[in-house]
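Let me begin by presenting the structure, written as structure tokens, before commenting on it.
Readers should treat all values here as calculations from the given coordinates under stated rules, not as data from a laboratory. Since this is a predicted model, take the numbers as computed values, not measurements. Because the Cβ atoms are built from the backbone with ideal geometry, glycine has one as well, and the counts that use them run over all protein chains shown.
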Amino acid sequence: MPHLAPLVLAFPQQTDLVSSSFKNVRGPAVFLECLKHSNWSEVKQAVDHLFEKKEYHPQEAQHYWYRITQNNLVFEGILTGVALENNSTPISTHENVLNERVQLFSDYLTQVNRQAEPLLLVHESPDFSTQLKEQICTKTPNFSFTIAQEKHELWGVPPAQAKALETFALNTPQLHLADGHHRLASTLDWGKKQQEQAVVLAFILAHDQLTTDSFLWAFKEDTLLENTRAKQLDYNPDLPLWVQTKKGIHSFAVPENENTVLYLYHELLGGPKALKNTKIDYFPQGKMPLHLRTNYAAIFGYTSLKIEEIIALAKQQIKLPPKSTYILPKLPTGLFIAPLTEG
């Protein structure tokens with residue numbers, strides 16, 4: 001039963017924002033410049049300076065209806081905080097995390113003491129979202145930003161709808177994490193270390209709002225390929241799993257009722273023990289530059305999982321390996337800055 005906790009969000013002063021990217025993070029250039037400093041202490045000073053210069057303005061603590069328009073795609077739902085009471089989570093997850101990344105981001109939270117990228121959460125009641133939207137989005141949005149040809153619009157949720165939203169959340173057994181596994185784990189780690197009840201910033205959508213895709217898993221060494229050769233078949237686009245090597249493309253048949261990603265990870269690649277010292281590079285499907293393909297001995301690809309499959313795995317507490325799912329929307333970092341606790 002998630003407890004929604006409104007956070008004091010700070011929004012940029014400018015509404016037409018220059019987009020930038022840094023180490024696979026994208027967002028407003030004014031914020032990403034802060035991340036380029038050599039240590040977290042300097043990052044904190046740079047972020048604090050944004051507030052001192054009034055480039056970000058804190059708003060009243062409240063829930064927001066949030067709409068993102070990307071090309072012909074529209075994603076909308078609630079932007080708010082979710083309390084991690086007793087530093088446990090009412091959020092189900094479907095991917096394992098890498099401990100070194102969790103500790104890195106936990107250290108960032110400890111030093112900077114702010115969060116700047118929402119989790120992407122889903123619920124299973126589209127009708128509730130539709131009704132809430134119809135009640136809230138009757139006027140011009142309170143805030144509107146443009147970044148990288150994306151439009152971001154926010155409406156403050158009025159008191160009556162806020163009460164209905166909070167009641168809905170309390171009556172929802174679990175929210176499901178679509179994107180942000182390392183951010184969630186890091187925020188929980190921060191709360192335990194600081195002995196504070198963390199509140200994590202989240203964009204909460206109905207499950208029918210999301211678009212799912214998958215990653216390519218790229219290996220520069222071919223040491224693991226020998227284990228797969230006996231199961232390689234001639235390429236067949238109807239099969240859900242394939243590998244591209246120097247010798248061509250081959251498919252794999254996945255046994256009925258087995259999850260494609262788990263079959264790839266455990267049966268073909270040997271699981272965490274076999275992969276312990278193996279570097280994997282990940283590329284979203286369709287976004288791997290062609291000139292890089294020749295750098296890899298093997299590139300595995302698979303049919304993306306449906307959001308219903310992902311939720312089912314989460315409910316069964318079955319964890320996929322990291323980088324198993326690529327889910328849209330991808331949220332910019334630094335468009336919203338929030339504290340880590342309520343109030």
> What is the spread of the Cα atoms of the stretch 256-332 along each of their three principal axes, largest first, in whole Å?
Replying inline: 39, 34, 25
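Going by C-beta contacts inside 10 Å, put 37, 182 in order with the fewest on the left. Numbers along the way, then the final one.
Working: 37 14, 182 18.
Exposure proxy ranking, most exposed first: 37, 182.
Compute the FRET efficiency between residue 33 and residue 279 as 1/(1 + (r/R0)^6), taking r as their Cβ-Cβ distance and R0 = 30 Å, and round to the nearest 0.05. The partial results should precede the final answer.
Details: r = 30 Å, r/R0 = 0.99.
Calculated transfer efficiency: 0.50.
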> Amide H to amide H under 5 Å from residue 235: which residues, 5+ apart in sequence or cross-chain, H placed 1.01 Å off N in plane?
Replying inline: 251
> Quick one: length gained pulling residue 55 to residue 148 fully straight, 0.36 nm per residue minus the C-alpha distance?
Replying inline: 31.6 nm
> For residue 37, what is the net charge nearby, where nearby means another residue's Cβ is under 15 Å from its Cβ and Lys, Arg count +1, Asp, Glu -1?
Replying inline: 0
> Restricting to the chain, what percent of DSSP beta bridges are antiparallel, rounded to 5?
Replying inline: 85
> Under a 5 Å amide H to amide H cut-off, with H placed in plane at 1.01 Å, what residues pair with residue 62 once short-range neighbours are removed?
Replying inline: 7, 9
> Two-decimal Rg/Rh of the stretch 10-212 from alpha-carbon positions, Kirkwood Rh?
Replying inline: 0.95
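Using only the Cα atoms, what convex hull volume per residue in Å³ does the stretch 4-45 have?
On the way: hull volume 5.2 nm³, N = 42.
So the per-residue Cα hull volume is 125 Å³.
Can you tell me how much longer the chain between residue 312 and residue 100 gets when fully stretched, taken as 0.36 nm per residue apart minus their C-alpha distance, in nm with one decimal? Can you show the working numbers first?
Values: separation 212, 0.36 × 212 = 76.32 nm, distance 2.76 nm.
Length difference between fully extended and current span is 73.6 nm.
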> What list of ³J(HN,Hα) values in whole Hz, one per residue of the stretch 217-230 in order, does the Karplus curve 6.51 cos²θ - 1.76 cosθ + 1.60 (θ = phi - 60°) give from phi, with Gly and Pro shown as x?
Replying inline: 9, 10, 10, 7, 9, 9, 5, 8, 5, 4, 5, 9, 4, 5
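Just to confirm the filter: which chymotrypsin sites (Phe, Trp or Tyr not before Pro) across the stretch 60-124 are DSSP coil and have at most 12 other Cβ within 10 angstrom of their Cβ?
On the way: sites: 64, 65, 66, 75, 105, 108; in loops: none.
Loop-located and lightly packed - none at all.
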>> From zero outward in steps of 10 Å, how is the percent of C-alpha pairs of the chain spread across the bins?
In response: 5, 23, 31, 25, 12, 3, 0
> If you plug each phi of the stretch 247-263 into the Karplus form 6.51 cos²θ - 1.76 cosθ + 1.60 with θ = phi - 60°, what whole-Hz ³J(HN,Hα) values come out, in order, with x for Gly and Pro?
Replying inline: 9, x, 10, 10, 10, 10, 8, 9, x, 4, 6, 9, 6, 4, 5, 5, 5
> Exposure proxy check: 288, 1 ranked by fewest other beta carbons within 10 Å?
Replying inline: 1, 288
> Using modelled amide H (1.01 Å from N, peptide plane; none on Pro or chain starts), what sits under 5 Å from the amide H of residue 178, excluding residues fewer than 5 places away?
Replying inline: 120, 121, 122
> What is the extension gain from residue 236 to residue 107, computed as 0.36 nm multiplied by their sequence separation minus the C-alpha to C-alpha distance, in nm to one decimal?
Replying inline: 41.8 nm
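Can you give me the Kirkwood hydrodynamic radius for the stretch 215-303, using every pair of distinct Cα atoms, in Å to one decimal?
Details: mean 1/r = 0.0753 Å⁻¹.
Over the stretch 215-303, the inverse of the mean reciprocal pair distance is 13.3 Å.
In terms of the Cα gyration tensor, with a ≥ b ≥ c the square roots of its eigenvalues, is the stretch 109-161 rounded because a/c is under 1.5, prolate because a/b exceeds b/c, or oblate? Don't skip to the answer; put the middle values down first.
Working: a/c = 1.89, a/b = 1.43, b/c = 1.33.
Because a/c hits 1.5 or more and a/b exceeds b/c, the stretch 109-161 counts as prolate.
Where in the stretch 1-70 are there trypsin sites (Lys or Arg not before Pro) that are in a DSSP coil and have at most 12 other Cβ atoms within 10 angstrom of their Cβ?
Details: sites: 23, 26, 36, 44, 53, 54, 67; in loops: 23, 36, 53, 54.
Qualifying residues, ordered by number: 23, 36, 53, 54.
In what sequence do 187, 325, 341, 140 fall when counting other Cβ within 10 Å, fewest first?
Values: 187 26, 325 22, 341 17, 140 8.
Ascending number of Cβ neighbours within 10 Å: 140, 341, 325, 187.
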> Going down the list 287/330; 220/273; 247/276; 23/287, which pairs span over 24 Å between their C-alpha atoms?
Replying inline: 247/276
